Amino acid sequence: MAQIELRDISKRWGTFVGVHKFDLTIADREFLVLLGPSGCGKTTTMRMIAGLEDISEGEVLIDGRRVNDLDPKDRDIAMVFQSYALYPNMNVYDNIRFPLKVRGVPAADHDAKVMRAAEMVELVPFLKRRPAELSGGQRQRVALARAIVREPNLFLMDEPLSNLDAKLRVSTRAQIKHLSHELGVTTIYVTHDQIEAMTLADRVVVMNAGVVQQVGTPTDIYDWPANTFVASFIGTPAMNLMEGRIDDGVFTGENVTIAGIAAPDGPVTLGFRAEDAQMVPTGGQINGQVYSLELLGDATMATVRAGGAIVSIKCSKDFRAAIGADFAAQIPLSAVHLFDAASGLRIGHSSPSH
Ligand SMILES: Nc1ncnc2c1ncn2[C@@H]1O[C@H](COP(=O)(O)OP(=O)(O)O)[C@@H](O)[C@H]1O
Ligand SMILES: [Mg+2]
């Protein structure tokens, strides 16, 4: 059981701000994902929570108790990193058991706890092996088991899947989600991979340059991006963004005209997702030339050039067009997102859950 409160925590080194006023309450048993590009402050935030990094400003509370000055070992937190940090001379069993020894758990309880953790991550057949005799995926599962065996209040996981190949990432991801659910332990998980974030999280925190951009459910973040940074970071492909202006309810940009928009006159950035646009035979709101086609199996992704903008449009799987051919596309008004041209902030309605 642990509720985590981050009260405006900041980290500065000299004049450089690594994390700026991160303020959030993480519910007991919540699976929270910190998502953002490399260098945005994810690991630093995590290390402040763990006590591995001094907090320049603000407070961290665990279950209402201020822990700023508490040693990492007294915070009841288990961490899993990208590098597994296993003891090379110990076999799997002893690696998993190690935290129990360190924490003075009665020896009589060790075997049952180690076996339970090993079973949860399917390592029972490998208990006698040393880390060097394991695959990357198995090593990461040892690291997970070593976190589980402690029965902590909080899991902190920093890019735990980064060293695994694509297929193993998907299966280990599913395993982490299952474990977190089964153990009911509050988890803060760091990744730069938006698919990982969307599939694992109860809530996602999108960060950029040390600043929280948006906090929301995966659906919120995808359907109601708070600004152009979130819009262009989330989604494969990212949201299409086109510069232009609105006059009397008509958005006009290079090769794009969309009427019926309910927003004040002025310069805006218009956004829409590839799957919300549709190719049409003629006319259309967006016009230009086909740049490339990618066959995805269940769909064809058309990349098209509309004036200076490169735009993605998800088409039916049998859509075909010659490179350089003219195209026309439509977007339903309900799928149009508008952002302030200067600040990049979303204009008008925000997520219904806020
Ligand atoms: N000890 C340090 N001294 C100075 N700058 C640091 C230190 N640790 C991290 N940084 C900087 O803080 C920023 C955030 O780093 P980090 O939290 O590791 O990012 P992320 O985990 O999101 O990739 C980066 O610009 C990084 O270079
Ligand atoms: Mg990091």
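Every number here is computed from the coordinates shown, using simple stated rules; none is lab data. Quantities reported herein were computed from a predicted structural model and do not represent experimental measurements. Don't worry about glycine lacking a Cβ; one is built from the backbone with ideal geometry, like all the others, and counts go over all protein chains shown.
Normalised by the residues of region 197-352, what does the relative contact order come to in percent, with Cα pairs under 8 Å and at least six apart? Provide the component values of the computation, followed by the final result.
On the way: 337 pairs, mean separation 32.9, N = 156.
Dividing the mean separation by the residue count of region 197-352 yields 21 percent.
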Report the label-to-label distance for residue 223 and residue 330 in nanometres (one decimal), using points 7 Å from each Cα along the Cα→Cβ vector. 2.3 nm
Candidate aspartates and glutamates - alpha carbon under 12 Å from residue 11, same-chain residues fewer than 8 apart omitted: 53, 54, 57, 59
Just add up the charged neighbours of residue 300: K/R +1, D/E -1, any other residue whose Cβ is under 14 Å from the Cβ of residue 300. -1
For labels at residue 133 and residue 29 in the simple 7 Å Cα→Cβ model, what's the distance in nm? 4.0 nm
GNM result for the chain, Cα springs below 10 Å: residue of 225, 88, 160 fluctuating most strongly: 88
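Would you work out if region 217-338 is rounded, prolate or oblate? Take a ≥ b ≥ c from the square roots of the eigenvalues of the alpha-carbon gyration tensor; rounded if a/c is under 1.5, else prolate when a/b is larger than b/c, oblate otherwise.
Values: a/c = 1.97, a/b = 1.23, b/c = 1.61.
Taking the square roots of the gyration eigenvalues as a ≥ b ≥ c, region 217-338 is oblate.
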Excluding residues fewer than 8 positions from residue 73 in its own chain, the lysines with Cα under 17 Å of it are 101
Identify, among 106, 64, 189, the residue whose Cα sits farthest towards the positive end of the charge dipole of region 4-228, taking +1 on the Cβ of Lys and Arg and -1 on the Cβ of Asp and Glu, with the dipole about the Cα centre. 106
Percent antiparallel among DSSP beta bridges with both residues in the chain, to the nearest 5? 75 percent
Given charges at beta-carbon only (K, R positive; D, E negative), |dipole| of the chain in Debye: 1260 debye
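When only DSSP loop residues count, what GluC sites (Glu not before Pro) in region 12-75 have their Cβ near at most 12 other Cβ atoms within 10 Å?
On the way: sites: 30, 53, 57, 59; in loops: 30, 53.
When the GluC sites (Glu not before Pro) of region 12-75 are filtered for loop state and at most 12 Cβ neighbours within 10 Å, nothing remains.
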Could you work out the helix-only [θ] at 222 nm for the chain, with each DSSP H run of four or more residues adding -39,500 (n - 2.57) and the total divided by the number of residues, to the nearest 500 deg cm²/dmol? -7000 deg cm²/dmol
Between residue 68 and residue 323, what is the label-to-label distance in nm when each label sits 7 Å out along the Cα-to-Cβ direction? 5.9 nm
For region 34-160, what does the alpha-carbon gyration tensor say about shape, rounded, prolate or oblate, given a ≥ b ≥ c as the root eigenvalues, a/c under 1.5 as rounded, and a/b over b/c as prolate? oblate
Label the chain by shape, choosing from rounded, prolate and oblate, from the square roots a ≥ b ≥ c of the eigenvalues of the Cα gyration tensor; if a/c is under 1.5 it is rounded, and otherwise prolate applies when a/b is larger than b/c, oblate when it is not. prolate
Loop-resident sites, region 247-301, for GluC sites (Glu not before Pro), counting at most 16 other Cβ within 10 Å (DSSP): 254
Compute the length gained on full extension between residue 340 and residue 209: take 0.36 nm times their separation in residues and subtract their Cα-Cα distance, giving the result in nm to one decimal. 45.2 nm
